[in-house]
Amino acid sequence: MSKTITIDGKTIPFEEGQTIMDAASAAGVYIPHLCHHPDYSPHGSCKLCNVSVNGRICSSCTFPAMDGQTVLSDTHELNEDRRRITQMLFVEGNHLCPGCEKSGNCQLQAVGYHLNMLDNHFPHFYASREMDASHPDVLIDHNRCIFCTLCVRASQQADGKDVFAISGRGINKHLIVNSQSGLLKDTDFEATDNAAHICPTGAILAKRQGFRVPIGRRTYDHKEIDQVSLAESGYRPNTTLIAETEQSQYDE
Amino acid sequence: MKQSIQNLAKKYDHQSTHLLQILREIQAIHHFVPEEAIDALVELLHIPRTRIISVIEFYSFLHLSPRGNYELLISDSITDHMSGKKELTHYLSKQLNVAVGSVREDGVVSLDNTSCTGLCDQGPAGLINGYPLTRLDRPRIDCIADLINQQKPLTEWPSELFQVNDNLIKSGLLLEHTIAPGEALKETFKRGLQETLAEINQSGLRGRGGAGYSTGWKWHLCYEGPEEDAFCDVDAQNQLQRYVICNADEGEPGTFKDRVLLNSFADQVFEGMTLCAVITGASKGFLYLRGEYLFLYDKLQSQLAERRQSGLLGNNILGQGFCFDIEICLGAGAYICGEESALIESLEGKPGIPRNRPPYPVTQGYLGKPTVVNNVETFLAATAIALHGGEWFAKIGTEKSKGSKILSICGDCTQPGIYEFPFGTNLKTILAECGADDVLGIQIGGPSGTFVSNQELDRTLAFEDLATGGSFIIFNSRRNILDIVHNFTHFFAHESCGFCTPCRVGTSLLAKQIDKIVEGHGSAGDVVALEELCQIIKKQSHCGLGQTAANPVLTTLERYPELYQSQLKKISYEPGFDLDGALETARRLANRNDAGAHLAQTDASGSLPIASFPPSLAVAEDHE
């Protein structure tokens, strides 16, 4: 007999070695997340995917599924905390959606909508952060970095490079790149790198792509992040949905 | 410089696991880590420069830009504040002509604050180029300022400036009798390894860092190793590399017991580590010594050398065929490294960021191998138990907290220092012993622990009631609770590693919110907002730091709600900044300072919202 866990009362099978997130995604259960991506090793830092496992709060993207676990995820209490955590990310950086090219394709924004976030709640930090537009094809806007390390992992694990790292401590965390000048142009980074397309926010953007896809026709303009995310992680409820979402904006 | 970096890299076998140790040495020579050194290390250690920079920027004692030849740091612990730290720092800053947080123009001296230095029984304290300065007062500061201005090398400074006293006031079960080096090991070999582990289990010894995990069980799990190795044959099992780590990164403000244990009982600690090694099958041990205890380093090294000489460490311990040796690694100013998985990351030469668990260190610790991490006091106790037996230990204490606890007592009492009490002792007894009267409250277990009021003095020291890693800070009735909370809250914001959102952003938001309330800008909803924020940080954070960072607020809010409420203005909303202060630049530009150039935040009674525009602008007021 296969092993199972329950998430919000739904019985879900899993295979040995799967995390709670893996098992949930495979079964079509969306757990909000920002630093997780099915192609890369889990990180467990954004804490949006925190769930209650037998009464204890755990990151579902890193915590292994074990037979008989009772997992709570889509509860009022957890979603309230997720909204607050998302608001923390919004006030920590400078996220001005109307002026951001990523708007509509942005996971941070989409998660905000998904969690019914209507304001920033907390006072802003107004962090003074810089832009690195040195690279011919890609720019980094540090104002929008949420330290999810997806670019760090994509560069290491998919591109076989080591372009990015997160440096600093506490509220002074920041993204750094692997060059003596500290500029992206002096690294071995290329626009075709996986790391160039992985950023969940508008911190790493391809140049000369602005408004190629008009506002209103972007990924999250017509779909909620839960559908898109499940499709990305391989869940196949119906084929039309997948066909639509797999077409990345940057492939055009 | 290149040559010296090459020599350093060679000294550490070109191992990137020793990056932190290498960077510490570079910082000690140059008072920062120069660009050239980073370039050289990229080549020598075969690591990306981002790795080196992220380590430098993580640890408080490492810098990318030059500090002074005399790097002067003043401890920011609450007890230092209670003994006049603020005024003394101001004086010091004036005498040396250098602002806090900066380097003097001539590059000779830099001055800054640092988290608790573990000298709360002899503060106000500081560090100069990593070495402790104790009992600071004006005459001492005059002396220090003179020595710096004359640019006298530290070796020529009067030794009393650096004098660190043990202040061991009350010994109990463990500290009463000294154990000769090797005595417990010999007893262990005589009795048998599994039999000794059984004694440790029987003793009921639980981790002394505060979390209280069963020591015997931890050793047993490490010996067993990961599940996939459990069924391999005995030979393969014995080949499995294991590690023993002694956590001497006591960074909890108010704790200093490990400083004393390592100064006067180090042999017994090393013996405990060796016992653990022979029982679990580890061949390598580390003492992770907090950077603030650099002054103990040479002495500890010579004690290790002596133990090697006497056959208590090395290739054939006491002729029994066991191999084990201990290396001392220094931290570099990061409280988070007291968390065991962050400590392991740090030992691997990385920023001290707590790992995701499972896997736990007992199955996958240092370099992915089974690792025991225990507190200094735990190893000390294990040695005594191996010699005297489990029952000797278990007959003292309470049902769930066997044996004794060594406390670092400081704050408002006549005799701050080290005290050993049986578990189960009540607070009244402890307070009487250290000469504390007129007590307002006690911070037990440091900022991450609990604030206990003077109404709770019948409570006891035990895992069942008040668990503590050893920090015990006493406050008398003249102390302001909000000042204490303010200090602790800023401490956590400063020490958060920044890995997870709730702690990284939450602790900084909490510091802001406390500032707002303490500075008198709080309004009706602000205490509710404060508590909600605390709950999120506590519930959702990645590790113990975040999960306890809100404790100073939560434990005092629970006991003194009226105190918080009294700070609030009776209006529904107050901005978190000073409106009138924001006009200062405009006043300077306009060269005005009359009443009309000022803006009050509330009316005189404090009961109305912002309605007091200067008369010249008060057109809208009539509508109210």
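The values are calculated or read from the model by the stated rules, or taken from the named source; none is laboratory data. These figures come from a predicted structure and were not determined experimentally. So basically every Cβ, Gly included, is an ideal-geometry build from the backbone, and we count neighbours across all protein chains shown. Side chains included, ligands, DNA and RNA excluded: accessible areas come from the protein's heavy atoms. Shrake-Rupley method; radii C 1.70, N 1.55, O 1.52, S 1.80 Å.
For this structure, a couple of remarks:
- Extreme residue, nearest to B:Thr371 (Cα to Cα), among residues of the stretch B:327-357 that are part of a strand (DSSP E or B) and touching a residue at least 60 places away in the same chain (Cβ under 8 Å): B:Cys329
- The stretch B:146-204, residues that are in contact with a Ser or Thr (Cβ under 7 Å, 6 or more places away or on another chain) and exposed (fewer than 14 other Cβ atoms within 10 Å of the Cβ): B:Gln163
- Unique residue being open to solvent by 10 Å² or more (accessible area, probe 1.4 Å) and touching a residue at least 24 places away in the same chain (Cβ under 8 Å) when the list is B:Thr425, B:Thr371, B:Thr414: B:Thr425
- B:Ala382, sole failed condition from (1) of a type in the set (A, V, I, L, M); (2) surrounded by fewer than 24 Cβ atoms within 10 Å (Cβ to Cβ); (3) touching a residue at least 40 places away in the same chain (Cβ under 8 Å); (4) part of a helix (DSSP H, G or I): (2)
- Identity of the residue in the stretch A:52-104, small (Gly, Ala, Ser) and open to solvent by 40 Å² or more (accessible area, probe 1.4 Å), that ends up farthest from B:Gly506 (Cα to Cα): A:Gly68
- Qualifying residue in the stretch B:480-489 (condition: touching a residue at least 60 places away in the same chain (Cβ under 8 Å), part of a helix (DSSP H, G or I) and facing chain A (nearest Cβ under 7 Å)): no
- Note on the stretch B:494-511: among residues that are assigned to a helix (DSSP H, G or I) and under 19 Å from A:Leu34 (Cα atoms), the one that is farthest from the other protein chains (Cβ to nearest Cβ) is B:Cys503.
- Among the residues listed as B:Leu304, B:Leu294, B:Leu330, B:Leu343, the single one being open to solvent by 20 Å² or more (accessible area, probe 1.4 Å) and farther than 24 Å from B:Glu420 by Cα: B:Leu294
- Some residue of the stretch A:110-121 being over 19 Å from A:Pro32 (Cα atoms), within 13 Å of chain B (Cβ to nearest Cβ) and either touching an Asp or Glu at 6+ places or on another chain (Cβ under 7 Å) or not small (Gly, Ala, Ser) (or both): yes
- Complete set of residues in the stretch B:77-104 that are surrounded by 21 or more Cβ atoms within 10 Å (Cβ to Cβ), in contact (Cβ under 8 Å) with a residue 60 or more places away in the chain and either assigned to a helix (DSSP H, G or I) or not assigned by TED's automatic domain parsing to the domain that holds B:Cys116 (or both): B:Ile78, B:Thr79, B:Met82
- First in the stretch A:170-197 and in contact (Cβ under 8 Å) with a residue 24 or more places away in the chain, second anywhere and small (Gly, Ala, Ser) and part of a strand (DSSP E or B), Cβ under 9 Å, 6 or more apart: A:Lys173/A:Ser167; A:His174/A:Ser167; A:Leu175/A:Ala165; A:Leu175/A:Ser167; A:Val177/A:Ala165; A:Ala191/A:Ala206; A:Ala196/A:Ala206; A:His197/A:Ala206
- Restricting the stretch A:185-195 to residues that are surrounded by fewer than 23 Cβ atoms within 10 Å (Cβ to Cβ) and either at positive phi or not in a loop (DSSP other than H, G, I, E, B) (or both), the residue that is nearest to the other protein chains (Cβ to nearest Cβ): A:Asp186
- Considering the conditions (1) outside any helix (DSSP H, G or I); (2) at the interface with chain B (Cβ under 9 Å from one of its Cβ atoms); (3) in contact with a Phe, Trp or Tyr (Cβ under 6 Å, 6 or more places away or on another chain), A:Val91 is excluded by exactly one of them, (1).
- Within the stretch A:165-184, the set of residues being at the interface with chain B (Cβ under 7 Å from one of its Cβ atoms) and open to solvent by less than 10 Å² (accessible area, probe 1.4 Å) comprises A:Ser167, A:Gly168, A:Gly170.
- Among the conditions (1) surrounded by fewer than 19 Cβ atoms within 10 Å (Cβ to Cβ); (2) away from chain A (no Cβ under 14 Å); (3) among the polar types (S, T, N, Q); (4) not in a loop (DSSP other than H, G, I, E, B), B:Thr555 misses just one, which is (1).
- Looking only at the stretch B:27-70, and only at residues there that are within 13 Å of another protein chain (Cβ to nearest Cβ) and of a type in the set (Phe, Trp, Tyr), the one that is farthest from A:Lys173 (Cα to Cα): B:Phe61
- Options B:Pro132, B:Pro124: the member that is in contact with a Lys or Arg (Cβ under 6 Å, 6 or more places away or on another chain) and either in a helix (DSSP H, G or I) or not assigned by TED's automatic domain parsing to the domain that holds B:Thr280 (or both): B:Pro124
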